[in-house]
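What follows is one structure encoded as structure tokens, with my remarks underneath.
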Amino acid sequence: MISATKQVRVRTTRSARPLRRAAKTARVHGRRGLHDLLEIYQGLSGFNASTLGLTEYKTTYGEVAEQGMKVLSEKFSQHAPIMNFPEDQRTFYDLGCGIGRLVLGMAILHGEIRARGIEIVPDRVRQAHHAIERLGKARQITPRIQITQGSFLDAAINYGDACWIFISNLCYDEGIQNDIYVKLEAECKKGCVLICSRELPLRVGSRLEKIEEGVNVCMTWSNTSTCIIYRVK
């Protein structure tokens, strides 16, 4: 398990300027903003990223589609309105964020949150940082985005500042499933909402309660992928 996290500060380059100007036209809310991701991510692909040296990890790749982002946004807002949280607890996390498309999408859709992604594959993180460079300073979105390379189970990462968490955990083995459940239950504060692709192994007396299931979230691998929603008690 990679135990150290690496955070990269992003600087806007000359090559990013045309895309940055295009990104500036994006609205903070609505289809126009998410549609901008198509241009921002042109030529970038998490599917083709190198996973050399990471054979011990599950690195199967997939992404939330644009329509799926809208569903996640609506469900998070429905079950955990952002105004219910103090400012220091308004952070969205994508655990296993790939090239960061959902992280950027949530930052575009919700101007009042910080959006953080954690990804084990260095090449995917490199591409995510390139996408952030392209986004530039559009509507002051970039300072609210952070992509970290490392394990989402790292002890240095604490989810106490989270209001919303997404986990695409279909391919996790039982050990990872249990470890992430234990960590989130211990660190997440009351009211935090988690949306997962697969049920978590809740224990008797768990602080997590299932509040909705069968939620259809469009993914790159299926238009009918269902998710489960939990809230921390």
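Checking each residue in segment 131-170 for being more than 18 Å from His110 (Cβ to Cβ), surrounded by fewer than 20 Cβ atoms within 10 Å (Cβ to Cβ), modelled with pLDDT of 95 or more and of a type outside the set (S, T, N, Q) picks out Leu153, Asp154, Ala155, Ala156, Ile157, Gly160.
Taking the criterion of being crowded, with 23+ Cβ neighbours inside 10 Å and either of a type in the set (Phe, Trp, Tyr) or out of contact with any Lys or Arg (no Cβ under 6 Å at 6 or more places or on another chain) (or both), the residues of segment 88-101 that qualify are Phe92, Tyr93, Asp94, Leu95, Gly96, Cys97, Gly100, Arg101. Listed conditions (1) modelled with pLDDT under 95; (2) among the small types (Gly, Ala, Ser); (3) exposed (fewer than 15 other Cβ atoms within 10 Å of the Cβ); (4) within 16 Å of Lys75 (Cα to Cα) are all met by Ser225, apart from (3).
Among (1) in a loop (DSSP other than H, G, I, E, B); (2) closer than 29 Å to Glu112 by Cβ; (3) aliphatic (A, V, I, L, M); (4) over 15 Å from the mean Cα position of the chain (by Cα), where does Ile157 come up short? Checking Ile157 against (1) in a loop (DSSP other than H, G, I, E, B); (2) closer than 29 Å to Glu112 by Cβ; (3) aliphatic (A, V, I, L, M); (4) over 15 Å from the mean Cα position of the chain (by Cα), the one that fails is (4).
Taking the criterion of being more than 14 Å from Ile167 (Cα to Cα) and either at pLDDT below 95 or of a type in the set (Lys, Arg) (or both), the residues of segment 185-200 that qualify are Lys189, Lys190.
Just give me the residues in segment 171-193 being in a loop (DSSP other than H, G, I, E, B), touching a residue at least 60 places away in the same chain (Cβ under 8 Å) and closer than 25 Å to Gly105 by Cβ, in sequence order. Within segment 171-193, Cys171, Tyr172, Lys189, Gly191, Cys192 meet the criteria. Here the condition is being farther than 18 Å from Asp36 by Cβ, of a type outside the set (A, V, I, L, M), outside any loop (DSSP other than H, G, I, E, B) and out of contact with any strand residue (DSSP E or B) (no Cβ under 8 Å at 6 or more places or on another chain); of Arg116, Arg134, Arg124, it holds for Arg124 alone. Here the condition is being under 21 Å from Glu212 (Cβ atoms), crowded, with 22+ Cβ neighbours inside 10 Å and touching a residue at least 60 places away in the same chain (Cβ under 8 Å); of Phe85, Phe76, it holds for Phe76 alone. Within segment 173-199, if we keep just the residues that are of a type outside the set (D, E, K, R), more than 27 Å from Met83 (Cβ to Cβ) and in contact with a strand residue (DSSP E or B) (Cβ under 8 Å, 6 or more places away or on another chain), the residue that is surrounded by the fewest Cβ atoms within 10 Å (Cβ to Cβ) turns out to be Ser197. The test for being out of contact with any Leu (no Cβ under 9 Å at 6 or more places or on another chain) and not hydroxyl-bearing (Ser, Thr, Tyr) holds for Pro143. You will find that of Thr91, Thr60, the residue that is at pLDDT below 95 and hydroxyl-bearing (Ser, Thr, Tyr) is Thr60 and no other. Can we say Gly160 is farther than 21 Å from Met69 by Cα and free of Cβ contacts under 8 Å to residues at least 24 places away in the same chain? It is false that Gly160 is farther than 21 Å from Met69 by Cα and free of Cβ contacts under 8 Å to residues at least 24 places away in the same chain. Pairs are defined by a Cβ separation below 7 Å, a sequence spacing of at least 6 or placement on different chains, a first member in segment 201-217 that is farther than 15 Å from Ile167 by Cα, and a second member that is surrounded by 15 or more Cβ atoms within 10 Å (Cβ to Cβ) and charged (D, E, K, R); the pairs so defined are Ser206/Glu185; Arg207/Glu185; Glu209/Arg231; Ile211/Arg231.
The values are calculated or read from the model by the stated rules, or taken from the named source; none is laboratory data. Values in this document were obtained by computation on a predicted structure and should not be read as measured data. Cβ atoms come from the backbone with ideal geometry, glycine included; neighbour counts cover every protein chain shown.
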